[in-house]
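Take a look at the structure set out below.
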Amino acid sequence: MLNILEIIIPSAIFFAAPLIFTALGGVFSERSGVVNIGLEGLMVIGAFTGVVFNLTFADQFGQFTPWLAMLVAMVVASIFSLMHAVAAISLRADQVVSGVAINFLALGLSLFLVKMWYGKGQTDQVQVGFDKIDIPILSKIPVIGPILFSNGYLPSYLAIVLAFVVWYIIYKTPFGLRLRAVGEHPMAADTMGINVAKMRYIAVMLSGALAGIGGSIYATIISRDFSHATISGQGFMALAAMIFGKWHPLGAMGAALFFGFAQSLSIVGQAIPFLKNVPTVYLLILPYALTILALTGFIGRADAPKALGTPYVKGKR
């Protein structure tokens, strides 16, 4: 049993990491009152940027390449998210339609550039990725050390730490209070001198930055290249994790770990004795089926921020 857990748990954590980063980005955006269906597209941009940067500069930066690629993906995706921010906040467009447009634009633009630069439908394979590590001291703890803190990727542990950091920012800092205020009652926030548009712009750009990191990590660790199928629903899973987690950073992290576990079974399931005879196709559809079941079971009980999806017009109720 212990051997099975040593296979499943580290795999679940690293599959969950991109979802955690992206779901936390969604929490920032939607807590401010801006629906962000475009998380999938922002992950696509992050994956594309991360892989292209890695392939281009691996010789110059060596082992630092994936980390730098992650930072560049973060910046590019946050800038890309500005299109959604302008449409949703300044132009007061329908936020769902704007997010869907971001998804289509991100995939179309990235595939066009891949075809133009590489002459085929996908990039080359990334050769320099993140190394697996054992967390010092913690990996030596009997039983849980080998399961939780051994043979993992550093970005996976950073994602979990970041969830607690985001919780602290949103619930324990003045910035977080202002963010929640513009998502719950923007007029009251405006009356108190909070710049509603500025807070929402910052939140949407943070969602882009974190989704970009998520996409870059997914492409670098899991797919190791970029094609039309690199990001195939992970952004929507992150969105589901955010809703399943009731727009709370730690809830979103827990839901992302749940979905990451489902994704990991589709990969390592054949190595687990009691899943060995289950047809692979069932394991592949498991994450998506669980996403639907989770949302149908819990979305009715999850209270979204009251001003979510409602453009704010100064002085208008």
*For region 219-233, does any single residue satisfy the condition of being under 27 Å from Val86 (Cα atoms), part of a helix (DSSP H, G or I) and among the small types (Gly, Ala, Ser)?*
no
*Of all the residues that make up region 109-149, how many are within 27 Å of the chain's Cα centre (by Cα), over 22 Å from Tyr218 (Cβ atoms) and among the β-branched types (Val, Ile, Thr)?*
2
*If Val204 passes every condition in (1) within 30 Å of Gln125 (Cβ to Cβ); (2) surrounded by 24 or more Cβ atoms within 10 Å (Cβ to Cβ) but one, which one does it miss?*
(1)
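Name the residue, out of Val35, Val97, Val44, Val75, that is of a type in the set (Val, Ile, Thr) and crowded, with 23+ Cβ neighbours inside 10 Å.
On the way: Val35 fails: crowded, with 23+ Cβ neighbours inside 10 Å; Val97 fails: crowded, with 23+ Cβ neighbours inside 10 Å; Val75 fails: crowded, with 23+ Cβ neighbours inside 10 Å.
After ruling out the rest, the residue left standing is Val44.
In the set Leu179, Leu206, Leu107, which member is in contact (Cβ under 8 Å) with a residue 12 or more places away in the chain and either in a strand (DSSP E or B) or more than 18 Å from Trp247 (Cβ to Cβ) (or both)? Lay out the reasoning, then the answer.
On the way: Leu179 fails: either in a strand (DSSP E or B) or more than 18 Å from Trp247 (Cβ to Cβ) (or both); Leu206 fails: either in a strand (DSSP E or B) or more than 18 Å from Trp247 (Cβ to Cβ) (or both).
That would be Leu107, the only listed residue that is in contact (Cβ under 8 Å) with a residue 12 or more places away in the chain and either in a strand (DSSP E or B) or more than 18 Å from Trp247 (Cβ to Cβ) (or both).
Taking region 148-161, which residues are in a helix (DSSP H, G or I) and buried (at least 20 other Cβ atoms within 10 Å of the Cβ)?
Keep residues of region 148-161 that are in a helix (DSSP H, G or I), which gives 148, 154-161.
The answer is Pro155, Ser156, Ala159.
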*Please tell me if Ala229 is of a type in the set (A, V, I, L, M, F, W, C) and out of contact with any helix residue (DSSP H, G or I) (no Cβ under 7 Å at 6 or more places or on another chain).*
yes
_Restricting to region 209-225, name every residue that is over 9 Å from the mean Cα position of the chain (by Cα) and closer than 19 Å to Ala88 by Cα._
Ala209
*Quick one: in region 227-256, which of the residues that are of a type in the set (A, V, I, L, M), over 11 Å from the mean Cα position of the chain (by Cα) and under 13 Å from Ala163 (Cα atoms) is surrounded by the most Cβ atoms within 10 Å (Cβ to Cβ)?*
Ala255
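Would a scan of region 129-137 turn up a residue that is among the aromatic types (Phe, Trp, Tyr), surrounded by 14 or more Cβ atoms within 10 Å (Cβ to Cβ) and modelled with pLDDT under 95? Talk me through it step by step, then tell me what you get.
Step one: filter region 129-137 for residues among the aromatic types (Phe, Trp, Tyr), giving 130.
Filter again for surrounded by 14 or more Cβ atoms within 10 Å (Cβ to Cβ), leaving 130.
Adding the requirement that they be modelled with pLDDT under 95 leaves 130.
Yes: one or more hits.
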*Restricting the search to region 288-316, which residues are part of a helix (DSSP H, G or I), modelled with pLDDT of 80 or more and crowded, with 17+ Cβ neighbours inside 10 Å?*
Tyr288
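Output the residue which, of all residues in region 110-143 that are touching a residue at least 60 places away in the same chain (Cβ under 8 Å) and small (Gly, Ala, Ser), is farthest from Val44 (Cα to Cα). Before the answer, list the steps.
So the first thing to find is which residues in region 110-143 are touching a residue at least 60 places away in the same chain (Cβ under 8 Å), and the list is 110-111, 113-114, 117, 121-131, 143.
Then drop every residue that is not small (Gly, Ala, Ser), which leaves 110, 121, 129.
Numbers: Ser110: 8, Gly121: 15, Gly129: 18 Å.
Filtering first and then ranking leaves Gly129.
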*Within region 34-75, which residues are among the hydrophobic types (A, V, I, L, M, F, W, C), part of a helix (DSSP H, G or I) and under 15 Å from the mean Cα position of the chain (by Cα)?*
Leu39, Leu42, Met43, Val44, Ile45, Ala47, Phe48, Met70, Leu71, Ala73, Met74, Val75
*Test each condition in (1) of a type outside the set (Phe, Trp, Tyr); (2) in contact with a helix residue (DSSP H, G or I) (Cβ under 8 Å, 6 or more places away or on another chain); (3) farther than 22 Å from Ala304 by Cβ for Gly38 and report the one that comes out false.*
(3)
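Does region 210-226 hold any residues that are surrounded by fewer than 24 Cβ atoms within 10 Å (Cβ to Cβ) and among the small types (Gly, Ala, Ser), and which are they? Give the steps one after another, and end with the answer.
In the first step, residues of region 210-226 are kept if they are surrounded by fewer than 24 Cβ atoms within 10 Å (Cβ to Cβ); the result is 221-225.
Of everything in region 210-226, just one residue is surrounded by fewer than 24 Cβ atoms within 10 Å (Cβ to Cβ) and among the small types (Gly, Ala, Ser), namely Ser223.
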*Close pairs from region 35-51: first charged (D, E, K, R), partner surrounded by fewer than 24 Cβ atoms within 10 Å (Cβ to Cβ) and modelled with pLDDT of 95 or more, Cβ under 8 Å, at least 6 apart*: Glu40/Asn103
*Residue under evaluation His84, criteria (1) surrounded by 14 or more Cβ atoms within 10 Å (Cβ to Cβ); (2) assigned to a loop (DSSP other than H, G, I, E, B), criterion not met*: (2)
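The values are calculated or read from the model by the stated rules, or taken from the named source; none is laboratory data. Just so it is clear, the model here is predicted, and its values are computed rather than measured. Ideal geometry is used to build each Cβ from the backbone, glycine not excepted, and the neighbour counts take in all protein chains shown.
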